[in-house]
Amino acid sequence: MRAVVITKPGGPEVLELREVPDPTPGKGELLVRVEASALNRADLLQRRGMYPAPPGAPKDIPGLELAGTVVACGEGVTRFVPGDEVMGVVGGGACADLAIIHEREAIRRPKGMPATVAAAIPEAFMTAFDAVVLQGGLASGQWLAVDAVASGVGTAAIQIARAIGARSVGSTRTEHKLERAFSLGLDVGVHGTTADLAKRAREVSGAGVHVGLALVGGQPLAELVGALRPRGTVVLVGLMAGAKAELNLVTVLQKRLHIIGTVLRSRPLEEKIAVARAFEDRVAPLFEGEAPSLRPVVDHVFPLEAVADAHAALEDNANVGKIVLFHG
Ligand SMILES: NC(=O)c1ccc[n+]([C@@H]2O[C@H](COP(=O)([O-])OP(=O)(O)OC[C@H]3O[C@@H](n4cnc5c(N)ncnc54)[C@H](OP(=O)(O)O)[C@@H]3O)[C@@H](O)[C@H]2O)c1
């Protein structure tokens, strides 16, 4: 099969499309013909040699999410048969013609949705659902604050908030991205820093927001903590702005706040399966029907052969939503 291979640590130029042996599905696993995959910040870090693949995932083939069709089933598979259209998150290896996914991590693709659209769902929407709803506990009538609101995870989070009857306030450093975020259901937009976001969040929510989604980490995390109401929760999902923050612990103590850190990729399989199952039951149906309440947000589709250009585009921070690779 063809696979994108990280030939050595470095920039997008170290990626090469090569012929490699086909993978074989093990017990409970599916072999999927990948029709489309999507990029994540973790792919960029892995390419630079800063984020090794977890045990069991291909070491040098990036790609954390896919949409495709089952072509073979390993021993004991009961949920799928060859020909089924699936999508899902994997530990690596999605940037190839064939990839392996555990049958209980695989999610049925929304009916009639092209693979290049479905590939924009798994990582962004599962991360947002898990962080905001399952861990943050966001509920109807509550407020969510999100930094980097036009990112893949941000655009998923504001849609999920809207779908469950919550309201959202979000920020971006790039003004024109707000228009798209509003069209996806953002209630209050801020062009500026996370400090500006926290100020606006306190104004619009009254006592502060119930849940903060910290997508860039660093000092912005501390600003988001300042936007919380008593017993509010901030969920730390990413570290693009750095791994350190100076935090006022008096606020954390007196407001009895919760700070949760989360990753999907390095969790034990059973924990990832639990999220995938909850997602298939509660979120995946919202992409279907005449007027779906959730929409995958595709910024740009590149052919697999142009994977280096796709990586460079993500590094430019110009995207709203996901950058997708079409495998053909
Ligand atoms: N924990 C997990 O399991 C998990 C899963 C998926 C993603 N993530 C993390 O979640 C975050 C969002 O991922 P994504 O794929 O949705 O991102 P994305 O679509 O690539 O968007 C990221 C956006 O963040 C903004 N940004 C970049 N650097 C920034 C900085 N230093 N300060 C403030 N804003 C910055 C940029 O938008 P502006 O124009 O607004 O600046 C950029 O376009 C990333 O940190 C990623 O690593 C974590």
Given (1) more than 14 Å from the ligand (Cβ to nearest atom); (2) within 23 Å of residue 222 (Cβ to Cβ), identify the lone condition not met by residue 112.
(2)
Within the bounds of segment 143-160, is there any residue that is away from the ligand (no atom under 15 Å from the Cβ) and among the β-branched types (Val, Ile, Thr)?
no
So, of the residues in segment 169-179 that are more than 17 Å from residue 144 (Cα to Cα) and within 11 Å of the ligand (Cβ to nearest atom), which turns out to be surrounded by the most Cβ atoms within 10 Å (Cβ to Cβ)?
177
Scope segment 302-313; condition of a type outside the set (Asp, Glu) and either more than 15 Å from the ligand (Cβ to nearest atom) or buried (at least 21 other Cβ atoms within 10 Å of the Cβ) (or both); matching residues:
303, 304, 306, 307, 308, 310, 311
Which numbered condition trips up residue 217, out of (1) touching a residue at least 24 places away in the same chain (Cβ under 8 Å); (2) out of contact with any helix residue (DSSP H, G or I) (no Cβ under 8 Å at 6 or more places or on another chain); (3) within 23 Å of residue 101 (Cα to Cα)?
(3)
Taking the stated definitions as given, is residue 87 assigned by TED's automatic domain parsing to the domain that holds residue 286 and surrounded by 24 or more Cβ atoms within 10 Å (Cβ to Cβ)?
yes
Which of the residues spanning segment 101-128 are in a helix (DSSP H, G or I) and surrounded by fewer than 24 Cβ atoms within 10 Å (Cβ to Cβ)?
115, 116, 117
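The values are calculated or read from the model by the stated rules, or taken from the named source; none is laboratory data. Computed from a predicted structure; not experimentally measured. For neighbour counting, all protein chains shown are included, and Cβ atoms are generated from backbone atoms with ideal geometry for every residue, glycine included.
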